[in-house]
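To keep things clear, I will list the structure first and then write my remarks on it.
Derivation of every value follows stated rules applied to the coordinates shown; laboratory data play no part. Just so it is clear, the model here is predicted, and its values are computed rather than measured. All Cβ positions, even for glycine, are placed from backbone atoms using ideal geometry, and neighbour counts span all protein chains on display.
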Amino acid sequence: MKYDNLLYLDIDFLSEKYEEETGVAPSTVISKNEGMDAQAGVSFLKSKLHSQVTKQYTASNQVMLKATRKSLEQYPKSTHSLEVGMVPGNYWVEGELSIGQWGENKNSKTALNQFYEIKSGEITYSLLPQNEYFLANLQALEIISPALQRHINIPVTMLCKVLYPLPDIKTIVSTPYIIQTKGYGDRE
């Protein structure tokens, strides 16, 4: 696993694996920013409350990846069927990362929903990612012009939490932990 090949990295998952592997928690610095915007309007007072929590780890992502590499590689490859009632678990999946769409007109602005997915053979893994874990501004792929999304098929391997299947549409809903490119540049 090379850091340069990473497209998505769930830092919270990685830090928990790091602590499990080494017995040492990667120290975190947590800052909380709260605020309120208030404005007069039709109603007597309109306000927007917001809160933001930022975590910073004292161990770098590369240090945590290196320490957990062997245990991460021990997760099994997914061999899932689309049977309802499957038990959630962590698995590696190989396939192609793309943007999925639901709606009447594919690759158009009238699509009802857009989401990340990994196509692996006959099964598609619909992803529930957190945008802050994308690397190299990859989260922007979901909002760019449909004309630019047409041929997104990035060969990847993904470590994910497989949650549940939707057999009628041949999809498994999953939460990604690590997504990395495969192919060119994989040689170590």
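If you take all other residues with their beta carbon under 13 Å from the beta carbon of S71, and give Lys and Arg +1 and Asp and Glu -1, the sum is -1. The amide H of L166, built 1.01 Å from its N in the peptide plane, has T171, I172, V173 as neighbours under 5 Å, considering only residues 5 or more places off or on other chains.
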